[in-house]
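The values are calculated or read from the model by the stated rules, or taken from the named source; none is laboratory data. The structure presented is a predicted model; accordingly, all values stated were derived computationally and were not measured. Counting neighbours? That spans all protein chains shown, and the Cβs are built from the backbone with ideal geometry, glycine included. What goes into the accessible areas is simple: the full protein's heavy atoms, side chains included, and nothing from ligands, DNA or RNA. Shrake-Rupley method; radii C 1.70, N 1.55, O 1.52, S 1.80 Å.
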Amino acid sequence: MSTSPILGIDLGTTHSLVGVVDCGLPILLADEDNHRLLPSALFVDKDGQLSVGRAALHRRELEPLRLITSAKRLLGRRPGESDWQPPYDLRALGQSPVSVAAAILRRLREIAEFRLGQPLSRAVITVPAYFNDAQRNATKQAAKQAGLEVERILSEPTAAALAYGLNRAQGESRIAVYDLGGGTFDISILRLRDGVFEVLSTAGDTQLGGDDMDRLLAQRLNPQQPDCPRLIAAAESAKRTLSTQEQARIEIPFYRGAEHLQAEINRAEFERMIAPLLERSRTHCLRALGDAGLKAAELDAVILVGGCTRIPAVQRLVAEVFGRPPDMSQHPDEAVAMGAVIQAGILEGSLRQVLLLDVTPLSLGIETYGGLMNVLIPRNSTLPCKAGEMFTNAVANQGEMLIRVLQGEREMAADNWELGRVLVPLPAGARGSARVGVQFSLDANGILEVLARDTHSGEDRILQIENSAVDVSDERVEAMIQSSVEHAFEDMHQRQWTQATMKSRELLEGLDAALSELGPALSAEQAAPIHAAAAQLRRLLEQQAQDLQALKQANQRLDEVTQELAVMLVERALEQAGDLP
Ligand code: ADP
Ligand code: MG
């Protein structure tokens, strides 16, 4: 099993980010130039050499058609299926949507390896909530090409909700995540219940985002050539300025040969320009609410993410649609990536302290024959989870099976905490004839349900144990883990001793049964070593000091000297079978 940290990755249409849980804290990682945002851009030069991110954007001006951006819109779609036509020809550049995504992921992995100084190979990657199977699979395929194993695909709004801390809320809550990025707009309504996120509805527009605003601005500056890269870049910069200033100045030196382009635009004019775009987002919000069957007032929060939610007019629109000020506690560019990192931390168990709800702090199991702890759900398992095993009767005609549900890290049942018991009545039968399936299901709230099923009768017995995962205070959990470490050696001895004594009892019982059947047929010479070995074994079992080595040897000795007896038993059985009519 690999123990390298799991990366959290936001593979965005416009920007991508990578992070990791470090010393218990989720952090995002910056490249060599201290940038955390990696433009999702790839430049393919004439020799097929690739550059990714800012380096790729720098080469846009000279050879715009060699620059690949927004390729996420093509991911997992057949050629021509996307409603968006890229200005570049992917095939001519020797690329595919998957290979572009892979190049971006490879670069993110490189940044993380540079920062952490170790090879990394596992990741949680976010995708839009509306991504279908083909699009999710294409994302996984890209990860594979980039040398990353995908531990979990997480939907972007769920990631934003994780960053917001929704998983720590009590009871049930509902939130809307309003995400206005570079190329796409997504609105999702989520419900969190029992620690599980559910996307109730999602709506949006894959043709609505900051790029459209940039184009409108560029059009206003130069209606003849709105697609000119320098013009678009200047428009984008003006748009950003207008999020905090009332006025923006646009200056492009030597725009056309010797001619400079100069212009001024104020916020009110910009807002008038983008009003139709924002109106479209309003319609999607209302549709998402309708699909979720909710009124805006029933939401607990409306979270803003995506670079364009910095625009004051966007914030005003959201407040108006949802009838409340939106929650702006999350970093608009980083919330989704942060959520991916948190999910990665939960998966690797490094966020246990912060998110106790999401993992079992201690192992859960049942007592088995001989007083041993049989673990069904190991500690640090992510919730919700399920595990089961089949048990049988240890002696003939046992009558009932007592299932003691235990929690703790010690080898012996008696050293762990008992959470409850279930009694399963058994039909009369030989040893090993009963079949009782025991299943533990732990829901996201840490409520343990124990189901015991007698597979012969099909009868179920169910025991519910509240808060098995969260009821224990941190100190008690720490103490339990500490004591399991301190007693590890002792515990191991105890487990081996118990197993050896179980073996002894089994051998002695078998011997008694064989002797009662074949005893008279044995010569004194044959009987003597058997009786001696059995006596030695009984002595060791009764002895106060547990001599594990001696007991194991005595088991082996008895096993050896009864070989002949076993052969005789088999022959006798065959003879009797031959006598049958
Ligand atoms: P994506 O999720 O599609 O990768 P992002 O969430 O990174 O997109 O958003 C990118 C968009 O946000 C771009 O259009 C960018 O111009 C815009 N943006 C970034 N900062 C600002 C700002 N301060 N004001 C307005 N728009 C901004
Ligand atoms: Mg995004």
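Here is the figure for the range 200-215: residues that are open to solvent by less than 30 Å² (accessible area, probe 1.4 Å), under 15 Å from Glu156 (Cβ atoms) and within 11 Å of ligand 1 (Cβ to nearest atom) total 1. Take the residues in the range 69-102 that are among the charged types (D, E, K, R) and under 19 Å from Leu57 (Cα atoms), then tell me which one is modelled with the lowest pLDDT. Among those that are among the charged types (D, E, K, R) and under 19 Å from Leu57 (Cα atoms), it is Arg73.
Looking at this structure, is His493 outside the structural domain of Asp415 (by TED's automatic domain parsing), in contact (Cβ under 8 Å) with a residue 40 or more places away in the chain and in a helix (DSSP H, G or I)? So His493 fits the description; yes. Of the residues Leu37, Leu7, which single one is within 16 Å of ligand 2 (Cβ to nearest atom) and either open to solvent by less than 10 Å² (accessible area, probe 1.4 Å) or touching a Leu at 6+ places or on another chain (Cβ under 8 Å) (or both)? Within the list Leu37, Leu7, the selection yields Leu37. Here is a check on your reading of the model: is Glu400 open to solvent by 20 Å² or more (accessible area, probe 1.4 Å), acidic (Asp, Glu) and more than 28 Å from His493 (Cα to Cα)? When the stated conditions are applied, Glu400 passes them. The residues on offer are Leu463, Leu406, Leu451, and the sole one that is surrounded by 13 or more Cβ atoms within 10 Å (Cβ to Cβ), in the same structural domain as Leu362 (by TED's automatic domain parsing), modelled with pLDDT under 85 and closer than 19 Å to Thr368 by Cα is Leu463. Evaluating Gln118 against the criteria (1) within 23 Å of the chain's Cα centre (by Cα); (2) surrounded by fewer than 15 Cβ atoms within 10 Å (Cβ to Cβ); (3) free of Cβ contacts under 8 Å to residues at least 60 places away in the same chain leaves one unmet condition, (3).
Which of the following residues is part of a loop (DSSP other than H, G, I, E, B), closer than 19 Å to Gln145 by Cβ, in contact with an Asp or Glu (Cβ under 9 Å, 6 or more places away or on another chain) and more than 16 Å from ligand 1 (Cβ to nearest atom): Gly76, Gly94? First the steps, then the outcome.
On the way: Gly94 fails: in contact with an Asp or Glu (Cβ under 9 Å, 6 or more places away or on another chain).
Within the list Gly76, Gly94, the selection yields Gly76.
Look at (1) in contact (Cβ under 8 Å) with a residue 40 or more places away in the chain; (2) surrounded by fewer than 24 Cβ atoms within 10 Å (Cβ to Cβ); (3) within 30 Å of Leu278 (Cβ to Cβ) and you find that Ala161 fails only one, number (2).
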